[in-house]
1. Among the residues of region 258-304, how many are in contact with a Pro (Cβ under 7 Å, 6 or more places away or on another chain) and among the aliphatic types (A, V, I, L, M)?
2. With the condition being modelled with pLDDT of 55 or more and within 24 Å of the chain's Cα centre (by Cα), I'd like the helices (runs of 4 or more DSSP H) fully within region 1-106 carrying at least 2 qualifying residues.
3. GLY97: free of Cβ contacts under 8 Å to residues at least 40 places away in the same chain and in the same structural domain as ILE162 (by TED's automatic domain parsing), yes or no?
4. Scan region 276-291 for residues that are under 23 Å from ARG249 (Cβ atoms) and out of contact with any Gly (no Cβ under 6 Å at 6 or more places or on another chain) and jot them down.
5. Can you pull out the residues in region 260-272 that are exposed (fewer than 10 other Cβ atoms within 10 Å of the Cβ) and aliphatic (A, V, I, L, M)?
6. Out of contact with any Leu (no Cβ under 6 Å at 6 or more places or on another chain), closer than 27 Å to LEU47 by Cα and outside any helix (DSSP H, G or I): is that true of ARG149 in this structure?
7. May I ask you to list the residues in region 157-174 that are in a loop (DSSP other than H, G, I, E, B) and either under 12 Å from GLN99 (Cα atoms) or not β-branched (Val, Ile, Thr) (or both)?
Amino acid sequence: MSEPVIEDEFAKATASETSSHSLPAVTLFDARRPDRIAKSHLRAIQLLHENFVRSVMSSLSAYLRTYVSLTLASVEQLSYRQFLERLPSSSCMAGVGLQPFGGNAVLEINPSLTFPMLEILLGGSGKTSDTFEREVTEIEQMLMDGLFRIITHDLSEAWKQIARIDFEILTIGSEAQFLQAMSPVEAVLAVKIDMRLGESAGSMNIAMPSSAVNMMSQKFDHERSVRKSDTPPEEQSRIFDLIHSSGTRIDARLPNQHIRMQDLLSLEAGDVLVLDLSTEAPVEVLFNGELQFQGIMAGAGRKRAVQLSGAASL
């Protein structure tokens, strides 16, 4: 009668031990959405959008005649479905053409910012605390068109350092109208920019097809090679001036020579130290303590010197 009780207790103990040593969470890999942008290129894209943020912040502040604060929040790769899931409902979105590379991008501004901007464009202060949960009307879309064009103009200017892209506003609407703009599983470059307008805060989001960005991969590599090779002469002169006064310690060392500490401490000026080496014995030459060359003892006038014979075999 006691065996079932023992088995139950063993099962409970096993279950407890299993739960206490649970395996880490497993994330499924979606083979339909491979990463199409090299990580080395993502850094260049991030720097590009940091320049864009600084430029468009000035442009929007001048257009709205009030201070607009923008901060680059993230640059990452997502599926188009994931991009849409991050957006609030009733967002105001613009479809943007990418000429000459083809494909369409999506530019979105949160409703928490859209309606304060519309109020400013209509002569108000933009300091309303009302929360709107509706889609923008056709008249409001026409007002937002000018603002979107300012943003895409600065975006084109920012991308010029990599490739000439004409970001052209094609249509303006709500999230529902852009559900089919790209395949849900298509990989996109998602850029999130935090924005503050007076007391209102939200974000602006950009989604570009990774396939279009991937078409510029050679341009990324070319831009990086140009930057490395075409250093202006004045920059070379400036770098030389910086390192001109730096010091380097050079030591010439006779290898495999030993002397007793007692003999070393008793050395005085004029003493002759006899070494068990020929006059053509190799000398190790060290730069800042690192072995770099082999050489032989030589003379330069009345001074002793070392003549380099080749690189050291490390």
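1. Selection size over region 258-304: 1.
2. Correct list: 39-64, 80-85.
3. Considered against the rule, which asks whether it is free of Cβ contacts under 8 Å to residues at least 40 places away in the same chain and in the same structural domain as ILE162 (by TED's automatic domain parsing), GLY97 comes out as no.
4. ALA281, PRO282, GLU284, LEU286, PHE287, ASN288, GLY289, GLU290, LEU291 - these are the residues of region 276-291 that are under 23 Å from ARG249 (Cβ atoms) and out of contact with any Gly (no Cβ under 6 Å at 6 or more places or on another chain).
5. Within region 260-272, the subset exposed (fewer than 10 other Cβ atoms within 10 Å of the Cβ) is 260-262, 264-266, 268-272.
MET261, LEU264, LEU265, ALA269, VAL272 - these are the residues of region 260-272 that are exposed (fewer than 10 other Cβ atoms within 10 Å of the Cβ) and aliphatic (A, V, I, L, M).
6. No.
7. Let us first name the residues in region 157-174 that are in a loop (DSSP other than H, G, I, E, B), namely 160-165.
LYS160, GLN161, ALA163, ARG164, ILE165 - these are the residues of region 157-174 that are in a loop (DSSP other than H, G, I, E, B) and either under 12 Å from GLN99 (Cα atoms) or not β-branched (Val, Ile, Thr) (or both).
Residue by residue, here is whether (1) surrounded by 14 or more Cβ atoms within 10 Å (Cβ to Cβ); (2) touching a residue at least 40 places away in the same chain (Cβ under 8 Å) holds:
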| position | (1), (2) |
| --- | --- |
| LEU87 | yes, yes |
| SER90 | yes, yes |
| MET93 | yes, yes |
| GLY102 | no, yes |
| ALA105 | yes, yes |
| SER112 | yes, yes |
| PHE115 | yes, no |
| LEU121 | yes, yes |
| GLY126 | yes, yes |
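The values are calculated or read from the model by the stated rules, or taken from the named source; none is laboratory data. Here the structure is a predicted model, which is why all the values come from computation and not from measurement. So basically every Cβ, Gly included, is an ideal-geometry build from the backbone, and we count neighbours across all protein chains shown.
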